[in-house]
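A.B. asks: Let me give you the structure first, and then I'll get to my questions.
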Amino acid sequence: MLKVDNLTKDFPKVRAVDNLSFELQKGRICGFVGPNGAGKTTAMRIIATLDDPTFGKVYVSDKSIAERPYDIRRIIGFMPDHYGVYPDLSVLDYLEFYARAYEIPSSSRKRRIEQIMNFTGLDKIAEKDVETLSKGMRQRLNLGRALINDPQLLIMDEPAAGLDPRARVELRYLIKQLAEQGKTIFVSSHILTELGEICDDILIIDKGKKVAFGDVNEIQKSMQKTFEISVKLLEAPQIQGLERFLMERPGISNIRIKNHDSIIFTFSKDIAEIPPIMREMTSQGFSVIEFKPQMMTMEDVFIQITEGEF
Amino acid sequence: MIKPREISENAMLFKDITQWIRNKTFLALFLSLLFGAGAISFFFVPVSGDAAQLGVIAFSIFTIILFIYTLVIAGMGFNLTSREFANKTFELYELSGMSLERMILGKLLSLLTQFLFGYFCIVPFMFFAYFLGGLDFISIFGASFLMILFSVPLYLFILLLSLSSKSVKIGLIGRIFVGIVLLYMGFGLLSLIFIPRSPLSGVSDFIKSLLTFDLEALKIALVFFIFYIQLCFLLFYICCNFISSTNDSRELQIKLLLFTLFLSWLLVFHALYRNAIRGSDAEIFLLVYIPVYLMLFLLGALFYYHAFHPPLIIRNRQKEARGFRRFLYHLFLPGARGTHRLILYMLLITALSVFFHYVGFKTGKNDPRLLLHAGSYCLQVPFFLAVPGGLFLCIRSLQNSNKTMKALVITWWVLSGVFLMIVYGIMESSGYWRDSPLSNLVQFLSLVLSPVSTLFIGFERRSPFHEIGYLIRGGLGLTGIVFMIWILRRRRKLNENLLDSIV
Ligand SMILES: Nc1ncnc2c1ncn2[C@@H]1O[C@H](COP(=O)(O)OP(=O)(O)OP(=O)(O)O)[C@@H](O)[C@H]1O
Ligand SMILES: [Mg+2]
């Protein structure tokens, strides 16, 4: 459905997207996660044909955005992180306007607008002024607009930003329903857990580069193999020796010394491999008084990957 | 051409009209407009003095009311569109697949509908003025027709201004500018009406001669419409171009229109010159070549300080174009290379036109230097484009931020030009500095630094550079062309590896 090939975008001072490649299958929800300034909006705008890439190719339904932008605009829905301004326009007029803009024939326009209003729950406020809507209602309207052409690919840029918990739950429900209708959904957020439950795939980027991409369960599983282990020694001088010992082991990374007598490291192997390590440490004569393995959550891994960005 | 269905289904028209109807300002305005006109026609007009002039007075008042209405519509349109543009709402319109032309057409039609609405409310009162006497039917008809005629470019210009900046501050400057222009136009309109034997009666005479199929009048009307239509289309496409300058453009259309405008301007002048102007004051040439100078600058400001390659959409359209379109793309190639080429073509044609007149001069009685003087302005354009702005384009980081570049260059032209003009003015007004070496230096700088001051100093007959000004300008122009070619080469090199990787 969506194929991105070596996508790169340069701005005068930064490379906002750096050689990004991935592919989305039809009917799946893909979460697009990265810290602020990672390049999510930039990448999404290029996919939505609003900006030109510096390098790289993007295909939606096997059509290149460079060659068939107008065809692609008709089959995607994009929900940007801004709304635009519409003074003196009611919700109904707003949808009517976009239905005309998408050239939905006048015979089916009315039905389509009704469908959208029912789906997004806008029917109760059809006559309200767009400018006076609450954030949650605006986001629904924004979604309604993006859905009016019945898109196959829906791109949403931080749809949950600024919503209260209840509205978030409702939004997730709507997204799930859309995916069940067979739409492919590409949704960004800078909070991983917000998307964890509803996504099928996940794409993590940082500083424009792809950090991880794949099925959410597999990524989670591979992440479950990651432990953060902290070891405390009775005799502080031994700490350098322990560090050297750890550095020689496979599957150990990110070793940090804390308070002169503790060491923290990341261990990415099966849980069954932990006892042997412990045994070996004591047999080598290290005075271990504390050994604390902790399973990392996805959020922890994400923060670790994008460390220092928050 | 535009089909009626396309207009009735135009989403932008629907939206803007809906917003207009729901707008409370409009409602208040409309009611006061009707009450005003009604009150004037029933109370004021019958009791005021001179019976013969009654109709004229009433008519002027209605015209003023209509003019105010026109301005308010323009202001409301500017407000809405500039807000939409600054808040990236146009992006959402683009996403729907609505073409840029349709957006601008919808906006224009909506403004015209609003104008015509007020117009048809007022026009009955104007004809009521006719019954009061002092006016003939054709004057009223002519004046009302002219108002409709001028409302199209006026509203296009307003749209252009509202789309020209994403920043609120520049938007404010734009608003002030619009205000000044409109007030100025208003005064022009008022003087048109109030001055006895005003051009209005000229208009009515003109319409009368049109109705009798007078050949001269028909010719003038034809020439007027040639320029009128081209100018409207040019404004229209510049508006389209402004909506989306990074991922789409209307460069081809604008270049084509600028070129045809340029050609028809020179041709019309040549035709007129043969009959009417020969032997009259040769400064008429300034009238001919200064618009050409402005057209060259417009082309430069729009497309010279621009991304080297046109956007993807345009490149693909160019690739897929067949037949005549392909030929047009070839001739008015979008992108920096095409702009260079077009500027050079236009300069060549201008030079030919100057040469043509120069040959004609041998038999005339005027000083041919005035012709060279006027023509050389155009030749100097490449120099102003290349130095210093064009040279900056050779730096990669500056080239990528070409919006900043454009703003900087235009600011430089205006500020340095105005500054030099003020300094020169002060020096001239104090006897001590006049003709001093320093004053000469200022004059020389005015000649070479800014296109604004060079125009100004060119009119200064006392300047020591007046006699040889055209030589200096010509020399600078040739240097400018050399620079432009060098800059083009350099930019092409900088952008060499970019293109193949995308399409
Ligand atoms: N129009 C632009 N001009 C220059 N730089 C830009 C532009 N847009 C984005 N950038 C830069 O590109 C980088 C990526 O920005 P982007 O908005 O894509 O990040 P993001 O992942 O959407 O962040 P956020 O979570 O804050 O929305 C940032 O460093 C930003 O400063
Ligand atoms: Mg963003």
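A.B. asks: Got a sec? Which of A:Ala66, A:Ala48 is within 16 Å of ligand 2 (Cβ to nearest atom), facing chain B (nearest Cβ under 8 Å) and either touching a strand residue (DSSP E or B) at 6+ places or on another chain (Cβ under 9 Å) or in contact (Cβ under 8 Å) with a residue 24 or more places away in the chain (or both)?
C.D. replies: On the way: A:Ala66 fails: within 16 Å of ligand 2 (Cβ to nearest atom).
Exactly one of A:Ala66, A:Ala48 is within 16 Å of ligand 2 (Cβ to nearest atom), facing chain B (nearest Cβ under 8 Å) and either touching a strand residue (DSSP E or B) at 6+ places or on another chain (Cβ under 9 Å) or in contact (Cβ under 8 Å) with a residue 24 or more places away in the chain (or both), namely A:Ala48.
A.B. asks: Report the residue count in segment A:156-170 for those that are away from ligand 1 (no atom under 16 Å from the Cβ) and not in a loop (DSSP other than H, G, I, E, B).
C.D. replies: Going residue by residue through segment A:156-170, those that are away from ligand 1 (no atom under 16 Å from the Cβ) are A:164-170.
Now restrict to residues that are not in a loop (DSSP other than H, G, I, E, B): A:165-170.
Matching residues across segment A:156-170 total 6.
A.B. asks: Let me ask something else. Looking at (1) in contact with an Asp or Glu (Cβ under 9 Å, 6 or more places away or on another chain); (2) more than 10 Å from ligand 1 (Cβ to nearest atom); (3) among the hydrophobic types (A, V, I, L, M, F, W, C), which is the one condition that is false for A:Ala16?
C.D. replies: The number of the failed condition is (2).
A.B. asks: Here's a follow-up. What are the residues in segment A:22-44 that are within 13 Å of ligand 2 (Cβ to nearest atom), under 17 Å from A:Leu153 (Cα atoms) and surrounded by 23 or more Cβ atoms within 10 Å (Cβ to Cβ), if any? Can you show your working first?
C.D. replies: Narrowing segment A:22-44 to residues within 13 Å of ligand 2 (Cβ to nearest atom): A:32-44.
Next, only the ones that are under 17 Å from A:Leu153 (Cα atoms) stay: A:32, A:40-41, A:43-44.
Scanning segment A:22-44 gives A:Phe32, A:Lys40, A:Ala43, A:Met44.
Yes/no per residue for (1) touching an Asp or Glu at 6+ places or on another chain (Cβ under 6 Å); (2) among the small types (Gly, Ala, Ser); (3) closer than 21 Å to B:Ala301 by Cα:
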| position | (1), (2), (3) |
| --- | --- |
| B:Gly431 | no, yes, no |
| B:Leu447 | no, no, yes |
| B:Phe465 | no, no, no |
| B:Arg473 | no, no, yes |
| B:Phe483 | no, no, yes |
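A.B. asks: Which residue is farthest from the other protein chains (Cβ to nearest Cβ), if the candidates are limited to segment B:1-35 and must be basic (Lys, Arg) and either more than 20 Å from B:Phe90 (Cα to Cα) or in a loop (DSSP other than H, G, I, E, B) (or both)?
C.D. replies: We begin by selecting, within segment B:1-35, every residue basic (Lys, Arg); these are B:3, B:5, B:15, B:22, B:24.
With either more than 20 Å from B:Phe90 (Cα to Cα) or in a loop (DSSP other than H, G, I, E, B) (or both) added as a condition, the list becomes B:3, B:5, B:22, B:24.
On the way: B:Lys3: 13, B:Arg5: 10, B:Arg22: 4, B:Lys24: 8 Å.
Only one residue fits best here, namely B:Lys3.
A.B. asks: Does B:Ser429 count as in contact with a Pro (Cβ under 8 Å, 6 or more places away or on another chain), over 16 Å from B:Leu294 (Cα atoms) and surrounded by fewer than 22 Cβ atoms within 10 Å (Cβ to Cβ)? Step through it out loud before you land on a result.
C.D. replies: Working: in contact with a Pro (Cβ under 8 Å, 6 or more places away or on another chain): no; over 16 Å from B:Leu294 (Cα atoms): yes; surrounded by fewer than 22 Cβ atoms within 10 Å (Cβ to Cβ): yes.
Against the criterion (in contact with a Pro (Cβ under 8 Å, 6 or more places away or on another chain), over 16 Å from B:Leu294 (Cα atoms) and surrounded by fewer than 22 Cβ atoms within 10 Å (Cβ to Cβ)), B:Ser429 does not qualify.
A.B. asks: Please verify whether segment B:111-122 includes one or more residues that are within 14 Å of chain A (Cβ to nearest Cβ) and in contact (Cβ under 8 Å) with a residue 24 or more places away in the chain. It would help to see each step written out before you state the result.
C.D. replies: So in segment B:111-122, the residues within 14 Å of chain A (Cβ to nearest Cβ) come out as B:114.
Then keep just the ones that are in contact (Cβ under 8 Å) with a residue 24 or more places away in the chain; that gives B:114.
Yes: one or more hits.
A.B. asks: While we're here: For the condition more than 7 Å from every other protein chain (Cβ to nearest Cβ) and more than 16 Å from ligand 1 (Cβ to nearest atom), what is the one hit in A:Gly27, A:Gly37, A:Gly84?
C.D. replies: A:Gly27
A.B. asks: In segment A:98-105, is there at least one residue being acidic (Asp, Glu), closer than 29 Å to A:Gly162 by Cβ, more than 16 Å from ligand 2 (Cβ to nearest atom) and modelled with pLDDT of 90 or more? Even if it seems obvious, please write down each step before you answer.
C.D. replies: Of all residues in segment A:98-105, those acidic (Asp, Glu) come to A:103.
Restricting the remaining residues to those that are closer than 29 Å to A:Gly162 by Cβ gives none.
Checked segment A:98-105: no residue is acidic (Asp, Glu), closer than 29 Å to A:Gly162 by Cβ, more than 16 Å from ligand 2 (Cβ to nearest atom) and modelled with pLDDT of 90 or more.
A.B. asks: Can you tell me which of (1) at pLDDT 85 or above; (2) part of a helix (DSSP H, G or I); (3) within 16 Å of ligand 1 (Cβ to nearest atom) is the one A:Thr193 doesn't meet?
C.D. replies: The one condition A:Thr193 does not meet is (1).
A.B. asks: Any idea which of B:Leu344, B:Leu302, B:Leu296, B:Leu372 is within 17 Å of B:His270 (Cα to Cα) and in a helix (DSSP H, G or I)? First the steps, then the outcome.
C.D. replies: On the way: B:Leu344 fails: within 17 Å of B:His270 (Cα to Cα); B:Leu302 fails: within 17 Å of B:His270 (Cα to Cα); B:Leu296 fails: within 17 Å of B:His270 (Cα to Cα).
Among B:Leu344, B:Leu302, B:Leu296, B:Leu372, only B:Leu372 is within 17 Å of B:His270 (Cα to Cα) and in a helix (DSSP H, G or I).
A.B. asks: When you look at A:Asn118, is it within 16 Å of ligand 1 (Cβ to nearest atom) and over 25 Å from B:Met103 (Cα atoms), yes or no? Write out each step before concluding.
C.D. replies: Values: within 16 Å of ligand 1 (Cβ to nearest atom): no; over 25 Å from B:Met103 (Cα atoms): yes.
Spelling it out, it is not the case that A:Asn118 is within 16 Å of ligand 1 (Cβ to nearest atom) and over 25 Å from B:Met103 (Cα atoms).
A.B. asks: Quick check: is even one residue across segment A:12-21 touching a helix residue (DSSP H, G or I) at 6+ places or on another chain (Cβ under 8 Å), within 13 Å of chain B (Cβ to nearest Cβ) and within 13 Å of ligand 2 (Cβ to nearest atom)?
C.D. replies: Looking only at segment A:12-21, we keep the residues that are touching a helix residue (DSSP H, G or I) at 6+ places or on another chain (Cβ under 8 Å), and these are A:12-13, A:16-17, A:20.
Of the ones still in play, those that are also within 13 Å of chain B (Cβ to nearest Cβ) are A:12-13, A:16.
Filter once more, keeping what is within 13 Å of ligand 2 (Cβ to nearest atom): A:16.
Yes: one or more hits.
A.B. asks: Pick from segment A:87-105 the residues that are buried (at least 22 other Cβ atoms within 10 Å of the Cβ) and small (Gly, Ala, Ser): which of them is farthest from the other protein chains (Cβ to nearest Cβ)?
C.D. replies: Going through the qualifying residues, I end up with A:Ala99.
A.B. asks: While we're here: Looking at this structure, is A:Phe55 within 16 Å of ligand 2 (Cβ to nearest atom), within 26 Å of the chain's Cα centre (by Cα), hydrophobic (A, V, I, L, M, F, W, C) and within 28 Å of B:Ala307 (Cβ to Cβ)? Full working, then the answer.
C.D. replies: Working: within 16 Å of ligand 2 (Cβ to nearest atom): no; within 26 Å of the chain's Cα centre (by Cα): yes; hydrophobic (A, V, I, L, M, F, W, C): yes; within 28 Å of B:Ala307 (Cβ to Cβ): yes.
No, not satisfied.
A.B. asks: State yes or no: is A:Leu50 within 16 Å of ligand 1 (Cβ to nearest atom), in a loop (DSSP other than H, G, I, E, B) and aliphatic (A, V, I, L, M)?
C.D. replies: Details: within 16 Å of ligand 1 (Cβ to nearest atom): yes; in a loop (DSSP other than H, G, I, E, B): yes; aliphatic (A, V, I, L, M): yes.
Taking the combined requirement at face value, the residue satisfies it.
A.B. asks: Taking into account only those residues within segment A:151-165 that are farther than 19 Å from A:Thr41 by Cα and touching a residue at least 24 places away in the same chain (Cβ under 8 Å), which is farthest from ligand 2 (Cβ to nearest atom)?
C.D. replies: Pass one, segment A:151-165, residues farther than 19 Å from A:Thr41 by Cα: A:151-152, A:164-165.
Pick out the ones that are also touching a residue at least 24 places away in the same chain (Cβ under 8 Å) and you get A:151-152, A:164.
Details: A:Pro151: 20, A:Gln152: 23, A:Asp164: 20 Å.
Here the residue is A:Gln152.
A.B. asks: Could you tell me how many of the residues in segment A:137-155 are within 16 Å of ligand 1 (Cβ to nearest atom) and within 13 Å of another protein chain (Cβ to nearest Cβ)? If you could, list the steps in order and put the result at the bottom.
C.D. replies: Our first condition is that a residue be within 16 Å of ligand 1 (Cβ to nearest atom); within segment A:137-155, this holds for A:139, A:142, A:155.
Imposing the further condition that a residue be within 13 Å of another protein chain (Cβ to nearest Cβ) reduces the set to A:142, A:155.
Summing the residues that are within 16 Å of ligand 1 (Cβ to nearest atom) and within 13 Å of another protein chain (Cβ to nearest Cβ) in segment A:137-155 gives 2.
A.B. asks: If you go through segment A:55-69, how many residues are crowded, with 19+ Cβ neighbours inside 10 Å and within 16 Å of ligand 1 (Cβ to nearest atom)?
C.D. replies: The total comes to 2.
A.B. asks: Among the residues of segment B:431-458, which ones are without any contact (Cβ under 8 Å) to a residue 60 or more places away in the chain and part of a loop (DSSP other than H, G, I, E, B)? Outline the logic, then answer.
C.D. replies: Step one: filter segment B:431-458 for residues without any contact (Cβ under 8 Å) to a residue 60 or more places away in the chain, giving B:431-447, B:449, B:452-453, B:456-457.
Once the filter is applied, which keeps residues that are without any contact (Cβ under 8 Å) to a residue 60 or more places away in the chain and part of a loop (DSSP other than H, G, I, E, B), segment B:431-458 yields B:Gly431, B:Tyr432, B:Trp433, B:Arg434, B:Asp435, B:Ser436.
A.B. asks: May I ask you to say which residue of A:Glu103, A:Glu127, A:Glu114 is touching a helix residue (DSSP H, G or I) at 6+ places or on another chain (Cβ under 7 Å) and more than 23 Å from A:Glu158 (Cβ to Cβ)? Working first, answer last.
C.D. replies: On the way: A:Glu103 fails: touching a helix residue (DSSP H, G or I) at 6+ places or on another chain (Cβ under 7 Å); A:Glu114 fails: touching a helix residue (DSSP H, G or I) at 6+ places or on another chain (Cβ under 7 Å).
Within the list A:Glu103, A:Glu127, A:Glu114, the selection yields A:Glu127.
The values are calculated or read from the model by the stated rules, or taken from the named source; none is laboratory data. Quick caveat: nothing in here was measured; it's all calculated off a predicted structure. Cβ: placed from backbone, ideal geometry, glycine included. Neighbour counts: every protein chain shown.
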